[in-house]
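Taking it in order: structure first as structure tokens, then the write-up.
The values are calculated or read from the model by the stated rules, or taken from the named source; none is laboratory data. Only a predicted model underlies this, so the values are computations on that prediction, with no experimental measurement involved. Please note: Cβ atoms are built from the backbone with ideal geometry, for glycine as well, and neighbour counts cover all protein chains shown. For the accessible areas, the whole protein counts, side chains as well, though only heavy atoms, and no ligand, DNA or RNA atoms are used. Shrake-Rupley method; radii C 1.70, N 1.55, O 1.52, S 1.80 Å.
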Amino acid sequence: MIFKSVATFLVLSSGMCLGQSSIAADTAGGPTSVPKAPVSFDLSAIDKTADPCTDFYAYACGNWKKNNPIPSDQTRWGRFNELAERNNYLLYSDLKAAADAPKTPLQKKYGDYFAACMNVDLADKLGATPIEPALKTIAAWNDKKTAATLMGEMEQKYGQGFFFDFGSAQDQKDSTQQIGELDQAGLGLPDRDYYLNDDERSKTLRAQYVEHVTKMFTLLGDTPEQAAAEAKNVITIETALAQGSMSRVDRRTPANVYHVMTIAELQALTPDFDWKIFLTANQQGRLKTVNVTTPGFFKTVKEQLDAADIDALKSYMRWHTVHRFAPNLSNAFVQENFNFYAATLAGQKELAPRWKRCTAATDRALGEAVGQDWVAKNFPPAAKDNMQKLLDAFRDKIGYPERWRDYSSVVVKRDDPAGNVQRVALFNDRRNLNKIGKPVDEKEWAMTPPTVNAYYSPAKNDINFPAGILQPPFYDFKIDPAVNFGGIGVVIGHEMTHGFDDQGSQYDPTGNVRSWWTAEDKKKFDERTDCEVKEYGAFEVAPGQTLNGKLTLGENTADNGGLHIAYAALMSTLAKQGIDPSAKVDGYTAAQRYFIGFGQVWCENTREQAARLRARTDPHSAGMWRVNGSVQNFDEFGKAFGCKAGQPMTPVNACRVW
Ligand SMILES: [Zn+2]
């Protein structure tokens, strides 16, 4: 079970689909050097041999790109990563201190979690034993008619779902309420296209995936012949599920994923799967209705439960159990998981050191426990006050939650790392399901305090800025306003614009899905967004791989809107403060510093495999196109750098959405 939200993030966290979040059994040593703090406006990053009117990104970031190769434990390296590495290091120092000498019960809890995770020898000694009870439950299943009983038990005991996700979600039509939701899931590859595309690259990746699944089965002790037969079962079932899945682009339309049904209607959709049993196992037996996001997919699940023989279904469940838990098992599992998900799919050269992975894992597991001490040290009240002043139009949340999550029911044992992971997963699963039928908690956060990211939630109509992003290069109270408006100012404008992008515009001001536009306005909006779809859809991220203009439309609209909003805010601030915008700092006018500050937030290098993966799955465009795409559509850019009409950064047919 995963946290479900329609929120739009500023960037896709790197761990979300690249397998970097794995926890491995290598060495348990700590960092060898302290990562340097990123600077806000980096003159040394600028490549003055590049022409800003031809390729602004090359100008703002050219030297940074040359001087910052991708570290071997990363698939992409940019300013976000620099800051995230620094935050992660500071967090590590807290965790290490708490593990060695805890001062409070909370420190004892997260210190033990971290120490257990760092215990290489214990993980290797345990091998696959932590998942044996779950595998035995699957092995003992002998009647397809009892699929609901088995799946209910697996979800209840281990928080492990198959085929689909079951959780809570904010009701699109009544944003104050949480409802139950069933959503498509169950694929081992990052997107349905990986199963369905017919090009050579996709075929090769599929063959490598089958090889990986086979290896994982052999690690569980199966013979090579058994393992190969089981992997064949897995790919057959997953390919059918992929065919029945709705695409990422279609899922962007809220109406496409909103089908509230009674339990009787759901039962009619999948007659042989006893939903009463499944729901009761999850303490939701009293549920009257549920949102079935993609009914077509559930028909496919029914067909698979009918058509596949029970051994094939068991192979599929066995695979998903070991896959889900692989990062927490012994070294052989960790390494094989890394080989496919990080190395093959995303081009990562080496597993990140264990201290980095255990720090990130502890943050994910107990983020609002760890975060309390982290913000006390790294995000003083003055920083929160300053940010509050920048944001008053929207409901906003700054830095960290007002009320911290209560982890008192989570048992953490220093000598049971895998058990800790399972208990936290189960805690989150129960916490999520317990929301069904209750009012939405407006104060809840979907990100931990040290996170370098931000998000907008259309249903709550609020913007969330974790403490982790409120520092250089995004925000620096020591620097001139132009740079701050180009950094955090554009981020704020970006999140505000999400309220009016292709998705956000379908929610009314109270956060409910409702068409509140005139037909005329809607038509104009569609014509304008169509321009952006074509523009970004032509940008290439790797040979033969372009961005998907429809998938990235919401984020591109937010980038374009953010750049306009923050520019206007900067100019009015300078006027109010009596600052002459043509006065130069470091040889640049305020407008030039604004655009360079904006561009430099997105300086990055990406491995080719990761660029291809992101183009298919990430709704955000690559850094280069977030910069060049946005400045091309904004007249003030050409004026600031004295570009002539018709140059690459000042095209005559620029797009305008807002
Ligand atoms: Zn965004």
Residues of segment 135-158 being of a type outside the set (Ser, Thr, Tyr), more than 22 Å from ALA361 (Cα to Cα) and surrounded by 14 or more Cβ atoms within 10 Å (Cβ to Cβ), which ones? LEU135, ILE138, TRP141, LYS144, ALA147, ALA148, LEU150, MET151, GLY152, GLU153, MET154, GLN156
Residues that are buried (at least 22 other Cβ atoms within 10 Å of the Cβ) and of a type in the set (Phe, Trp, Tyr), drawn from segment 78-99: PHE80
Across segment 437-470, the tally of residues that are closer than 22 Å to ASN81 by Cα, among the polar types (S, T, N, Q) and in contact with a Ser or Thr (Cβ under 9 Å, 6 or more places away or on another chain) stands at 3
Residue satisfying condition, being more than 16 Å from the ligand (Cβ to nearest atom), of a type in the set (Gly, Ala, Ser) and assigned to a helix (DSSP H, G or I), within set GLY486, GLY511: GLY486
Some residue of segment 633-645 being within 16 Å of the ligand (Cβ to nearest atom), crowded, with 19+ Cβ neighbours inside 10 Å, under 32 Å from the mean Cα position of the chain (by Cα) and within 24 Å of ALA454 (Cα to Cα): no
Search result, residues across segment 200-231 that are exposed (fewer than 15 other Cβ atoms within 10 Å of the Cβ) and not in a helix (DSSP H, G or I): GLY221, THR223
Residue selected from segment 603-624 under the condition more than 16 Å from the ligand (Cβ to nearest atom), touching a Pro at 6+ places or on another chain (Cβ under 9 Å) and in a helix (DSSP H, G or I), by the criterion most open to solvent (accessible area, probe 1.4 Å): GLU608
Residue match in segment 182-197 (condition: among the hydrophobic types (A, V, I, L, M, F, W, C), surrounded by fewer than 21 Cβ atoms within 10 Å (Cβ to Cβ) and in contact with a strand residue (DSSP E or B) (Cβ under 6 Å, 6 or more places away or on another chain)): yes
Looking only at segment 529-549, count every residue that is touching a Phe, Trp or Tyr at 6+ places or on another chain (Cβ under 7 Å) and either of a type in the set (Gly, Ala, Ser) or open to solvent by 30 Å² or more (accessible area, probe 1.4 Å) (or both) and tell me the total. 2
What about GLY578, is it touching a residue at least 12 places away in the same chain (Cβ under 8 Å), in a loop (DSSP other than H, G, I, E, B) and either crowded, with 16+ Cβ neighbours inside 10 Å or away from the ligand (no atom under 16 Å from the Cβ) (or both)? no
When residues of segment 232-279 are filtered for being outside any helix (DSSP H, G or I) and surrounded by 15 or more Cβ atoms within 10 Å (Cβ to Cβ), how many remain? 11
Got a number for residues in segment 448-473 being among the hydrophobic types (A, V, I, L, M, F, W, C), in a loop (DSSP other than H, G, I, E, B) and within 13 Å of the ligand (Cβ to nearest atom)? 1
Any residue at all in segment 345-357 that is in contact with a Phe, Trp or Tyr (Cβ under 9 Å, 6 or more places away or on another chain), aromatic (Phe, Trp, Tyr) and crowded, with 18+ Cβ neighbours inside 10 Å? yes
Identify the residue in segment 426-439 that is open to solvent by 20 Å² or more (accessible area, probe 1.4 Å) and of a type outside the set (D, E, K, R) and, among all such residues, is nearest to GLN156 (Cα to Cα). LEU426
Exclusive hit being within 12 Å of the ligand (Cβ to nearest atom) and closer than 23 Å to PHE637 by Cα, set ILE565, ILE492: ILE492
Among the residues of segment 625-632, is any open to solvent by 10 Å² or more (accessible area, probe 1.4 Å), within 16 Å of the ligand (Cβ to nearest atom), hydrophobic (A, V, I, L, M, F, W, C) and not in a loop (DSSP other than H, G, I, E, B)? yes
For ALA352, are the conditions met, namely being under 20 Å from the mean Cα position of the chain (by Cα), in a loop (DSSP other than H, G, I, E, B) and either more than 20 Å from ALA467 (Cβ to Cβ) or without any contact (Cβ under 8 Å) to a residue 40 or more places away in the chain (or both)? yes
Which residue out of ALA376, ALA454, ALA382 is on the phi < 0 side of the Ramachandran plot and in contact (Cβ under 8 Å) with a residue 40 or more places away in the chain? ALA454
